[in-house]
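Asks: Before I ask anything, here is the structure I am working with.
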Amino acid sequence: MALTGIQIFKLLPKTNCKECGVPTCLAFAMNLASGKAELDSCPYVSDEAREQLSEASAPPIRPVDIGKGVRACKTGGETVQYRHEKTFFNPTLLAATVASDISESDLETKLKIWNAFQFERVGLNLRPELVAVKDAGGDKDAFANTARIIAEKSEFNLILMTEDPDVMQAGVEACGFKRPLLYAAADATADAFGEIAKDNDLPLAVKADSVEALIPLTEKLTGMGLKDLVMDSGSREIKQALEDQVAIRRAALKSGNRALGFPTITFPCEMASNLDTEAMIAGMFVAKYGGIVTLSDFTGESVFPLLLERLNIFTDPQRPMTVTEGIYEIGNPDENSPVLVTTNFALTYFIVSGEIEGSKVPSWLLVKDSEGLSVMTAWAAGKFAGDDVGVFVKKSGIMDKVKHTELIIPGYAAAIAGDVEEELPGWTIIVGPREAAHIPGFLKSR
Ligand code: SF4
């Protein structure tokens with residue numbers, strides 16, 4: 001039974017030392033009760049209190065680690081129903097499917113194509129994480145061999161999909177070192193799959209034919225000592241599948257239903273007859289609340305929009321994406337290279353730096369902390385004022401790197417030119433283009 005904020009407060013040290021990031025123990029207790037804080041944030045909880053608080057502090061949706069290596073990933077761990085309440089933490093994982101009877105050469109070709117789907121955006125590498133191996137015909141050697149090739153020859157992590165415990169055991173022996181997700185324990189196979197997952201310390205998916213029918217299954221498996229579960233409510237009809245996702249999230253977060261406090265796996269690949277429709281359904285699950293989305297294939301036009309959608313949804317809406325304040329060298333600049341200044345909003349930085357790079361004119365780009373605001377917004381909010389920019393340029397150290405005294409400011413901040421000049425006596429302030437797309441032409445014409 002979850003504890004109330006006041007009950008939790010009684011177990012805290014009550015020193016209001018603020019080390020947990022909030023001003024009082026009471027505020028921390030309230031956050032803990034509503035799932036917005038983690039017990040580990042308070043270093044002073046006694047062991048006795050920790051034991052009593054473990055129920056209250058456990059995340060309402062368990063975070064489950066899947067895979068190893070550079071594409072190791074986590075699903076679940078969410079604490080709010082709606083992103084604007086706080087943020088979503090662990091992006092929906094994207095999986096493509098292969099049948100276990102695929103030939104080795106076809107599999108290697110697919111892995112090579114899929115591996116190339118990596119996209120740089122705002123300093124992040126966006127890419128899918130998982131390949132699901134689907135048992136075709138119950139041949140455990142073929143299943144194990146396909147799993148082994150994926151595990152050994154690619155960065156992808158795996159979902160092993162079979163209804164046969166013997167086939168699953170063979171798959172686990174082939175790729176268990178990569179911590180695959182086992183899919184799926186059903187009524188008839190819960191004991192056998194539960195044992196395999198427990199013996200190998202692997203995450204296990206649970207499949208039922210409704211949300212209600214998941215509850216006894218997860219209770220049985222947690223009773224066996226399994227903690228890392230992923231749930232499939234069984235529906236392959238779009239409306240029902242969406243309703244199931246919402247009901248599961250609501251039950252875990254609002255009603256504190258521990259039996260449904262696990263991430264979900266969804267199967268657009270079994271809900272549509274073509275990849276375009278699959279991708280649209282997958283988009284729905286990225287927004288509402290699929291932990292894993294399984295497609296029949298990855299293509300650039302399906303996976304790229306899904307990666308962008310999840311990037312947008314799984315970023316903190318209260319914290320703009322930023323880059324670190326400082327001097328950025330683009331294309332080996334020297335003492336005669338132009339000096340530009342902009343704000344630290346990540347999108348602004350990557351667009352501006354991309355255009356400078358495209359111009360092939362080696363340059364110094366000064367990035368001033370503007371609390372993650374774009375140039376126009378930062379200027380309007382007083383975060384990119386002329387005197388501030390001038391002081392920043394002086395302190396940045398750029399004067400030790402160049403022997404000229406020209407600074408290019410963004411066109412949208414033309415109004416600050418006079419103030420910057422006052423702060424930087426002897427410097428010439430040049431107003432650059434308003435649009436980043438015009439930067440290459442501007443730099444080349446100087
Ligand atoms: Fe209270 Fe612990 Fe937070 Fe300090 S760190 S204010 S003791 S809850």
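Asks: Checking Ser337 against (1) without any contact (Cβ under 8 Å) to a residue 40 or more places away in the chain; (2) closer than 18 Å to Phe442 by Cα; (3) hydroxyl-bearing (Ser, Thr, Tyr), which test does it fail?
Replies: (1)
Asks: Scan the range 45-66 and tell me whether some residue there is free of Cβ contacts under 8 Å to residues at least 40 places away in the same chain, near the ligand (Cβ under 8 Å from one of its atoms) and out of contact with any Phe, Trp or Tyr (no Cβ under 8 Å at 6 or more places or on another chain).
Replies: Yes, the conditions are met somewhere in the range 45-66.
Asks: Among the strands (runs of 3 or more DSSP E) confined wholly to the range 357-444, which include 1 or more residues that are closer than 20 Å to Val122 by Cβ?
Replies: Here the list reads 363-368.
Asks: Also, quick follow-up: Just to verify a result, which residue in the range 21-30, among those that are open to solvent by 60 Å² or more (accessible area, probe 1.4 Å) and in a helix (DSSP H, G or I), is modelled with the highest pLDDT?
Replies: Once the filter is applied, the top-ranked residue is Leu26.
Asks: Within the range 222-265, which residues are of a type outside the set (A, V, I, L, M, F, W, C), assigned to a helix (DSSP H, G or I) and in contact with a Phe, Trp or Tyr (Cβ under 9 Å, 6 or more places away or on another chain)?
Replies: Gln245, Arg249 - these are the residues of the range 222-265 that are of a type outside the set (A, V, I, L, M, F, W, C), assigned to a helix (DSSP H, G or I) and in contact with a Phe, Trp or Tyr (Cβ under 9 Å, 6 or more places away or on another chain).
Asks: Looking only at the range 225-234, decide whether some residue is assigned by TED's automatic domain parsing to the domain that holds Phe143, over 18 Å from Gly261 (Cα atoms) and modelled with pLDDT of 95 or more.
Replies: No, the range 225-234 contains no residue that is assigned by TED's automatic domain parsing to the domain that holds Phe143, over 18 Å from Gly261 (Cα atoms) and modelled with pLDDT of 95 or more.
Asks: Output the residues belonging to the range 70-87 that are assigned to a loop (DSSP other than H, G, I, E, B), farther than 15 Å from Arg250 by Cβ and at pLDDT below 95.
Replies: Matches in the range 70-87: Gly77, Lys86, Thr87.
Asks: Just name the residue that is surrounded by the fewest Cβ atoms within 10 Å (Cβ to Cβ) out of those in the range 152-184 that are among the aromatic types (Phe, Trp, Tyr) and touching a Leu at 6+ places or on another chain (Cβ under 7 Å).
Replies: Going through the qualifying residues, I end up with Phe156.
Asks: If Glu120 satisfies all but one of (1) free of Cβ contacts under 8 Å to residues at least 60 places away in the same chain; (2) assigned to a loop (DSSP other than H, G, I, E, B), what's the number of the condition it fails?
Replies: Evaluating Glu120 over (1) free of Cβ contacts under 8 Å to residues at least 60 places away in the same chain; (2) assigned to a loop (DSSP other than H, G, I, E, B) leaves (2) as the failure.
Asks: Which condition number in (1) under 30 Å from Leu202 (Cβ atoms); (2) surrounded by 18 or more Cβ atoms within 10 Å (Cβ to Cβ); (3) touching a helix residue (DSSP H, G or I) at 6+ places or on another chain (Cβ under 8 Å) is the one that Gly76 fails?
Replies: The number of the failed condition is (3).
Asks: Within the range 96-105, is there a residue that is touching a helix residue (DSSP H, G or I) at 6+ places or on another chain (Cβ under 9 Å), modelled with pLDDT of 95 or more and assigned to a helix (DSSP H, G or I)?
Replies: Among the residues of the range 96-105, at least one is touching a helix residue (DSSP H, G or I) at 6+ places or on another chain (Cβ under 9 Å), modelled with pLDDT of 95 or more and assigned to a helix (DSSP H, G or I), which makes the answer yes.
Asks: I need every pair where a residue in the range 80-105 that is within 21 Å of Ser302 (Cα to Cα) has its Cβ under 8 Å from the Cβ of a residue that is modelled with pLDDT under 95 and buried (at least 19 other Cβ atoms within 10 Å of the Cβ), sequence separation at least 6 or different chains.
Replies: From residues that are within 21 Å of Ser302 (Cα to Cα), the pairs are Asn90/Glu78.
Asks: Take Thr109 and decide whether it is open to solvent by less than 20 Å² (accessible area, probe 1.4 Å), farther than 14 Å from Val303 by Cβ, assigned by TED's automatic domain parsing to the domain that holds Ala197 and β-branched (Val, Ile, Thr).
Replies: So Thr109 fails the test.
Asks: Does Asp187 satisfy the criteria of being touching a residue at least 24 places away in the same chain (Cβ under 8 Å), acidic (Asp, Glu), assigned by TED's automatic domain parsing to the domain that holds Gly223 and open to solvent by less than 60 Å² (accessible area, probe 1.4 Å)?
Replies: It is false that Asp187 is touching a residue at least 24 places away in the same chain (Cβ under 8 Å), acidic (Asp, Glu), assigned by TED's automatic domain parsing to the domain that holds Gly223 and open to solvent by less than 60 Å² (accessible area, probe 1.4 Å).
Asks: Still on this structure, I have one more. From the residues in the range 21-30 that are closer than 24 Å to Glu78 by Cβ and in contact (Cβ under 8 Å) with a residue 12 or more places away in the chain, which one is farthest from the ligand (Cβ to nearest atom)?
Replies: The extreme case among them is Met30.
Asks: Within the set of pairs 6 or more residues apart or between chains, which connect a residue that is modelled with pLDDT of 95 or more inside the range 277-306 to a residue that is among the basic types (Lys, Arg) with Cβ atoms less than 7 Å apart?
Replies: The qualifying pairs are Val286/Arg310; Tyr289/Arg249.
Asks: Further, regarding this structure: Can you name the residue in the range 31-42 that is buried (at least 18 other Cβ atoms within 10 Å of the Cβ) and more than 6 Å from the ligand (Cβ to nearest atom) and, of all such residues, is farthest from Thr79 (Cα to Cα)?
Replies: The selected residue is Leu39.
Asks: Of these, Glu421, Glu355, Glu406, which one is buried (at least 20 other Cβ atoms within 10 Å of the Cβ) and among the acidic types (Asp, Glu)?
Replies: The unique qualifying residue is Glu355.
Asks: Here is a further query. Report, by residue number, each residue of the range 297-341 that is open to solvent by 20 Å² or more (accessible area, probe 1.4 Å), polar (S, T, N, Q) and over 22 Å from the mean Cα position of the chain (by Cα).
Replies: Within the range 297-341, Asn332, Asn336 qualify.
Asks: Do you know which residues across the range 8-20 are in contact (Cβ under 8 Å) with a residue 12 or more places away in the chain and either more than 10 Å from the ligand (Cβ to nearest atom) or open to solvent by less than 70 Å² (accessible area, probe 1.4 Å) (or both)?
Replies: Ile8, Phe9, Leu11, Leu12, Pro13, Cys17, Cys20
Asks: Same structure, new question: Consider Glu212 against the criteria (1) within 16 Å of Val246 (Cα to Cα); (2) assigned to a helix (DSSP H, G or I); (3) open to solvent by less than 70 Å² (accessible area, probe 1.4 Å); (4) not polar (S, T, N, Q): it satisfies all of them except one. Which criterion is unmet?
Replies: Unmet for Glu212, out of (1) within 16 Å of Val246 (Cα to Cα); (2) assigned to a helix (DSSP H, G or I); (3) open to solvent by less than 70 Å² (accessible area, probe 1.4 Å); (4) not polar (S, T, N, Q): (3).
The values are calculated or read from the model by the stated rules, or taken from the named source; none is laboratory data. Just so it is clear, the structure is predicted and the values come from calculations on it, not from any experiment. Ideal geometry is used to build each Cβ from the backbone, glycine not excepted, and the neighbour counts take in all protein chains shown. Surface areas here come from the heavy atoms of the whole protein model, side chains and all, with no ligands, DNA or RNA. Shrake-Rupley method; radii C 1.70, N 1.55, O 1.52, S 1.80 Å.
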